[in-house]
Amino acid sequence: MIHHERLTPPSSDYPADEWNILEKQFHPEFLSQVESMLALGNGYLGIRGCPEEGGPNGENGTFINGFYETRPIVYAEEAYAFGKTGQTILNVTDSKIVKLFVDDEPFWLPTANIRSYDRRLNMKCGTLDREILWETPAGKLALITSRRLVSLVHRHVAAISYCVTLLNAEAPVVISSEMAANNPSAPTNGSDPRQATVFAGRVLHHRAGYAHDRRIVLCHRTEKSCMTMVCAIDHALETTCPHTYKCAHTEDFGRVAFTIEAHPGCPIRLTKYMVYHTSQTASAEELCSRAEWSLDRVVDKGFQQLLATHVQYLDNFWRRSDVSISDVREDRVQRTTVETQQAIRFNLFHILQASARAEEAGVPAKGLTGQAYEGHYFWDTEIYLLPFLTYTSPRIARNLLALRYKMLAQARAQARLMGHRGAMFPWRTISGEEASAYYAAGTAQYHINADIMYALRKYVQATDDQQFLQDYGAEMLVETARLWLDLGFYSSAKGGKFCLNSVTGPDEYNTVVNNNAYTNLMVRENLRYASQTVEALRVSTPDVYKALVQKTALEPSEIEEWTRAAESMYVPYDEQLKIIPQDDSFLDRERWDFKNTPSDHYPLLLFYHPLNIYRKQVIKQADVVLAMFLLGDVFSAEEKRRNFEFYDPLTTGDSSLSSCIEAIIAAQIGDMEKAIRYGMAALLMDLADVGGNVKDGCHIASMGGTWMMLTYGFGGMRDDDGTLSFWPRRAPEDNAILRFPVTYRGQMLGVEIGLETVRYELREGETLVIHHETESIQLNHENLVAVRPVRRK
């Protein structure tokens, strides 16, 4: 069920292109949306797609992953173990400002006489490029070109190449390169709980600042979290025109102004290097030194070398990750295919920008494209992003799982606070401490423990990274399994089955329920994996097992208890409807009155009291349907069909996390009309602003879901037991071929699904065994390619 209209500006101003997001005319009414779409980032540093001139802006955002301020969470009525400390990612020093003056007239987009305009997010080069022809009030023509990048190779570095050429007259030109600390921190949007908190008063406090030659360094520290950040800029000017410059700075501002006697046809190229470093422990002096070292390195090598290494990184990314759709009719390419290809690459590119260099940090819900959800890490990472990363960039997937291990001590403390054994990972966090202010739709989502362990299992199966499992994963498995044993109980009312009461599943429109089916099913997998892993370590690597016992005080009897609970897990089932009820009481509720709900009253959470929602059959996001995807081997095709047909009409379009999952299950049951409809809604979630809120940042989890939709849904990929198999459907376009690579245990498989056949190619590696439906296929140097028919069911 999708309620939002697709809102787009004129297509001629934003034409489809396979490798670029194009803007051919400045539209101030779409300012905020375009800032999110054209944002650049590398997982550590993110810069929204605002103009270099310092405005106009919807939200002029520059963000550093994991750099946050804290605040007390205030409740009207306190209760024991409620979250105490909120965390909000900060909008930090804006270093990208480059202002232009010709004849002392400022170039300002809203009032400038623009003769031509072209701005594009170049997804092949990873740059934001712009070319503008400006006619000044005096009739002088200035060609302005710029290229901006946030380096994927040099984690702390961004740069802008800014070029001005007068075409028809001489004129004095001033290029003012500036940096400005941002206070206060965040925008606000009334009562929308998804928005970031606005801090009262100053957040960033000056700690150091100086300038020399064309370099400025400013250092600030947060008020409460005591985190320190340094931003530094340096410049190189290339022109044959006479020029001078002046440098000035204050505690919160810096400027290097270049004055040039510009001649027609003589380019003036300014390269601006921007560097950010952060720390909770290093002194201001040390951070300033780090920033200078970074600047010394990149300034010495120059912009072209910085760009070349950045493009090389992207070339490798696209080689491993690109999902392509091409029309089989070689005489012409359908426009819809180009639009679909553009949307696919847009989604994959933003996942990379959100995760590539997120070392020792997570992936915020909006990546680094906005402050909504306060820069927090959710289950989004493990369930929606890690499948893509595991099969295309396993090193990044490993880094993100390692972050969860880094949080294990805090998860143990949270479990004790909640009265449990084991570990309880936070529902939303930056620091590792629970930052959810509404426990019913936050802390009660215990399933995040099982989600993380599910992602661990998939990662280990796909990579065979036994070292990670032994060093980190096994300990997390022990502690999560302990929590489930402590939380659950054997209920006589349920025939002695193991039950989990008062939890919230993925669907936040049904909170604090008994026996949420998704949670119970995922917990069963968590318990099984924990017992299997620990027992395997005991038998095969006794030294590792002994160390695990010492770290966790593990008792052998615990393993038996986990196995017993898993095999006794209660999974609700309704004999009359022959479906799995979402929870014990879901079928007892009255169905939501969708017919009389105005279309502008979605998402429901903004228009109805939670109790009005909780007492009805209405679903914010896929719950049982998600379980059927993640645990696909547990359900028959007929069970998937019955459950999907029951839950699909009850599921609103209120969560960006639903459409991709619904598309996958629709494809698996053969409902290709719905698979395509939901699949396109997921694919265009941000590019077409399906939810009407891309202004607040991109939906990174939904972007990960689009890859799953294409590979697991239309591509028919299965990895239920750790072995790759494919039950191909078709491309999400008529008369089209779907192609995608998959990295499995260090080898790369290429999959091509045509109209009648599917082609498997071993692109890298020695030997790979996969399955086409139930048939085993071995690919090696003698048999690089296998072709099999596509069965339509």
### Summary
Residue hits (the stretch 508-525; part of a helix (DSSP H, G or I) and open to solvent by 10 Å² or more (accessible area, probe 1.4 Å)) are Arg524, Glu525
### Query
Which one is farthest from Tyr44 (Cα to Cα) among residues in the stretch 274-333 that are open to solvent by less than 50 Å² (accessible area, probe 1.4 Å) and among the charged types (D, E, K, R)?
Asp327
### Task
Answer with yes or no whether Trp707 is among the aromatic types (Phe, Trp, Tyr) and out of contact with any Asp or Glu (no Cβ under 9 Å at 6 or more places or on another chain).
yes
### Matching residues, the stretch 399-433, being charged (D, E, K, R) and either assigned to a loop (DSSP other than H, G, I, E, B) or surrounded by fewer than 18 Cβ atoms within 10 Å (Cβ to Cβ) (or both)
Lys406, Arg416, Arg421, Arg428, Glu433
### Task
Identify all residues within the stretch 94-131 that are open to solvent by less than 10 Å² (accessible area, probe 1.4 Å), of a type outside the set (A, V, I, L, M, F, W, C) and more than 26 Å from the chain's Cα centre (by Cα); write none if there are none.
none
### Message
Cβ contacts < 6 Å: first residue within 16 Å of Asp507 (Cβ to Cβ), restricted to the stretch 427-449; second residue open to solvent by 20 Å² or more (accessible area, probe 1.4 Å) and not in a loop (DSSP other than H, G, I, E, B), any location; separation 6+ or different chain. Result?
### Response
none
### Task
Starting from residues that are closer than 27 Å to Gly473 by Cα and open to solvent by less than 10 Å² (accessible area, probe 1.4 Å), keep the ones in the stretch 491-507 and report whichever is farthest from the chain's Cα centre (by Cα).
Phe498
### Message
Considering only residues that are open to solvent by less than 50 Å² (accessible area, probe 1.4 Å) and touching a Ser or Thr at 6+ places or on another chain (Cβ under 7 Å), which ones fall in the stretch 240-266?
### Response
Val256, Ala257, Ile260, Cys266
### Task
For the stretch 577-619, enumerate the residues that are open to solvent by 90 Å² or more (accessible area, probe 1.4 Å) and either of a type in the set (Ser, Thr, Tyr) or within 30 Å of the chain's Cα centre (by Cα) (or both).
Asp600, Phe607, His609
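Quick grid of which residues meet (1) of a type outside the set (Ser, Thr, Tyr); (2) open to solvent by 10 Å² or more (accessible area, probe 1.4 Å); (3) touching an Asp or Glu at 6+ places or on another chain (Cβ under 9 Å):
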| residue | (1), (2), (3) |
| --- | --- |
| Cys50 | yes, no, yes |
| Asn57 | yes, yes, yes |
| Asn60 | yes, yes, yes |
| Asn65 | yes, yes, no |
| Tyr68 | no, yes, yes |
| Arg71 | yes, yes, no |
| Tyr80 | no, yes, no |
| Thr85 | no, yes, yes |
### Query
Asp671 passes all but one of (1) farther than 18 Å from Phe388 by Cα; (2) in contact with a Pro (Cβ under 8 Å, 6 or more places away or on another chain); which number fails?
(2)
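Give the residue that is nearest to Ala423 (Cα to Cα), with candidates limited to residues of the stretch 530-576 that are open to solvent by 20 Å² or more (accessible area, probe 1.4 Å) and in contact with a strand residue (DSSP E or B) (Cβ under 9 Å, 6 or more places away or on another chain). Please lay out each step first, then the result.
Restricting attention to the stretch 530-576, the residues satisfying the condition of being open to solvent by 20 Å² or more (accessible area, probe 1.4 Å) are 532, 535-536, 538-547, 549-551, 553, 555-557, 560-561, 563-564, 567-568, 570-571, 573-576.
Checking the rest, the ones that are also in contact with a strand residue (DSSP E or B) (Cβ under 9 Å, 6 or more places away or on another chain) come to 564, 567-568, 570-571, 573.
Numbers: Arg564: 20, Glu567: 22, Ser568: 22, Tyr570: 22, Val571: 24, Tyr573: 30 Å.
By that ranking, first place goes to Arg564.
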### Query
Looking only at residues in the stretch 175-203 that are at pLDDT 95 or above and within 18 Å of Thr278 (Cα to Cα), which one is surrounded by the most Cβ atoms within 10 Å (Cβ to Cβ)?
Met179
### Query
Looking at (1) within 30 Å of Thr85 (Cα to Cα); (2) under 19 Å from the mean Cα position of the chain (by Cα); (3) at pLDDT 95 or above, which is the only condition Glu360 fails?
(3)
### Task
Considering (1) assigned to a helix (DSSP H, G or I); (2) among the small types (Gly, Ala, Ser); (3) in contact (Cβ under 8 Å) with a residue 24 or more places away in the chain, say which one Ala365 fails and leave the rest.
(1)
### Message
Going through Gly722, Gly632, Gly692 one at a time, which residue ends up being surrounded by fewer than 20 Cβ atoms within 10 Å (Cβ to Cβ) and under 19 Å from the mean Cα position of the chain (by Cα)?
### Response
Gly692
### Query
Filtering the stretch 363-388 down to residues that are small (Gly, Ala, Ser) and closer than 23 Å to Leu626 by Cα, which residue is surrounded by the fewest Cβ atoms within 10 Å (Cβ to Cβ)?
Ala365
### Message
Could you check the stretch 138-162 and list, in sequence order, the residues that are among the aliphatic types (A, V, I, L, M), buried (at least 20 other Cβ atoms within 10 Å of the Cβ) and either part of a strand (DSSP E or B) or over 20 Å from the mean Cα position of the chain (by Cα) (or both)?
### Response
Ala142, Ile144, Leu149, Val150, Val157, Ala158, Ala159, Ile160
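Residues are listed down the side, and each one gets a yes or a no for (1) of a type outside the set (Val, Ile, Thr); (2) closer than 27 Å to His154 by Cα; (3) touching a Phe, Trp or Tyr at 6+ places or on another chain (Cβ under 8 Å):
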{"residue": "Lys24", "(1), (2), (3)": "yes, no, yes"}
{"residue": "His27", "(1), (2), (3)": "yes, no, no"}
{"residue": "Ser32", "(1), (2), (3)": "yes, no, no"}
{"residue": "Glu35", "(1), (2), (3)": "yes, yes, no"}
{"residue": "Leu45", "(1), (2), (3)": "yes, yes, yes"}
{"residue": "Gly58", "(1), (2), (3)": "yes, no, no"}
### Summary
By residue number, the members of the stretch 731-760 that are within 27 Å of the chain's Cα centre (by Cα) and on the phi > 0 side of the Ramachandran plot are Arg745, Gly746
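The values are calculated or read from the model by the stated rules, or taken from the named source; none is laboratory data. Quantities reported herein were computed from a predicted structural model and do not represent experimental measurements. No Cβ is skipped: glycine too gets one built from the backbone with ideal geometry, and neighbour counts run over all protein chains shown. Keep in mind that these areas ignore ligands, DNA and RNA; they rest on the heavy atoms of the full protein, side chains included. Shrake-Rupley method; radii C 1.70, N 1.55, O 1.52, S 1.80 Å.
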